[in-house]
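Notes follow the structure.
Where a number appears in this text, it was derived from the coordinates with a stated rule and is not lab data. Keep in mind that this is a model prediction, so the values were computed, not measured. All Cβ positions, even for glycine, are placed from backbone atoms using ideal geometry, and neighbour counts span all protein chains on display.
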Amino acid sequence: MLLAPSRNAGYNSLVPPVSQTIRVKVLFFGRLKELAGKGEDSIESINTTTIEQLFALYAARHPELAKYRSSVVASRNQEFAAWDTPLRAGDEVAFLPPVSGG
Amino acid sequence: MATLLQHDIFQLVREPIDVAALARHVRAPEDGAAVTFDGFVRNQSHDRPTLYLDYEAYESMALAKMREIGAQLHEKYRIHRVAMVHRLGRLEIGETSVLIAVSAPHRAAAFEACRFAIDTLKRTVPIWKKEYFEDGAVWADGELPPAPVATPRAKPAS
């Protein structure tokens with residue numbers, strides 16, 4: 001009873017995050033798809049990884065990607081996202097080059 | 001949120017866009033004006049003759065962003081209906097790649113909303129075009145969409 005978790009319990013945020021293995025879907029578009037060699041990937045990671053670290057992982061495998069880092073924007077679950085956004089299980093992360101629709 | 005979204009159209013298509021049908025769709029008896037933007041494939045890019053274009057999209061996000069633009073139009077302008085359709089795949093010279101039609105009781109709102117819609121689409125909707133020339137192909141220069149710089153919890157207090 002005393003230890004029952006509560007959605008409102010503030011103490012949860014004081015507990016250091018426990019590292020867990022999660023799976024995320026990763027998408028590349030346009031030029032980035034060509035540089036990454038594929039448009040879609042599924043990757044196992046840990047839940048403290050950020051979008052920035054995820055990109056770095058691919059950039060290490062495909063050095064050409066690293067050159068485009070400053071002109072890439074990231075999204076998480078179809079919303080533009082900051083590079084320091086941590087990943088969560090089941091996330092769909094996409095790396096997007098400058099858009100040129102119209 | 002807008003109240004008339006059920007009459008709005010947001011689509012990604014692979015077939016030719018029926019410009020006239022969409023322009024008619026937004027017209028209603030209570031309106032007095034409709035403005036249509038018809039974007040189509042130019043025969044050259046930076047003075048190089050273009051053979052054709054190939055468009056691709058992050059489809060689920062592109063549609064979500066198009067709907068967001070539609071909602072913004074209803075919030076910002078006194079308009080009635082919106083139709084916004086973008087074509088994907090291979091497009092030949094002269095074919096319509098994007099069509100935006102906006103109706104309104106009065107013309108000023110329709111003009112302004114249509115302009116806002118195409119400008120915002122070009123800046124924020126995840127669609128890309130590759131331009132094919134006699135001697136190769138290039139990804140068109142685009143615009144980097146504005147994205148959050150840091151997650152809120154990471155922002156320093158100010």
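Worth a mention:
- Filtered residues of segment A:80-102 (kept if facing chain B (nearest Cβ under 8 Å) and closer than 29 Å to B:Val13 by Cβ): A:Phe80, A:Ala81, A:Ala94, A:Leu96, A:Pro97, A:Pro98, A:Val99, A:Ser100, A:Gly101, A:Gly102
- Residue within segment A:46-65 that is assigned to a strand (DSSP E or B), surrounded by fewer than 16 Cβ atoms within 10 Å (Cβ to Cβ) and either of a type in the set (A, V, I, L, M, F, W, C) or over 8 Å from the mean Cα position of the chain (by Cα) (or both) present: yes
- Qualifying residue in segment B:18-39 (condition: without any contact (Cβ under 8 Å) to a residue 40 or more places away in the chain, acidic (Asp, Glu) and closer than 18 Å to B:His7 by Cα): yes
- Among the residues of segment B:31-78, just one is of a type in the set (Gly, Ala, Ser), within 14 Å of another protein chain (Cβ to nearest Cβ) and under 19 Å from B:Val19 (Cα atoms), namely B:Gly39.
- Remark: pairs (first residue in segment B:125-147, facing chain A (nearest Cβ under 7 Å); second residue surrounded by fewer than 15 Cβ atoms within 10 Å (Cβ to Cβ) and among the small types (Gly, Ala, Ser); Cβ separation under 7 Å; 6+ apart in sequence or on different chains) = B:Leu144/A:Ser71.
- Test result for B:Ala108, touching a residue at least 24 places away in the same chain (Cβ under 8 Å) and more than 10 Å from every other protein chain (Cβ to nearest Cβ): no
- If you filter segment A:67-79 down to residues that are over 16 Å from the mean Cα position of the chain (by Cα) and more than 7 Å from chain B (Cβ to nearest Cβ), you find that the one that is surrounded by the most Cβ atoms within 10 Å (Cβ to Cβ) is A:Tyr68.
- Tally, over segment B:10-33, of residues that are of a type outside the set (S, T, N, Q) and closer than 28 Å to B:Glu59 by Cβ: 16
- Condition met for A:Ser75 (within 16 Å of B:Ala147 (Cβ to Cβ), part of a helix (DSSP H, G or I) and out of contact with any Ser or Thr (no Cβ under 9 Å at 6 or more places or on another chain)): no
- Checklist (1) of a type in the set (Val, Ile, Thr); (2) touching a residue at least 24 places away in the same chain (Cβ under 8 Å); (3) facing another protein chain (nearest Cβ under 9 Å) applied to B:Val82, failing item: (3)
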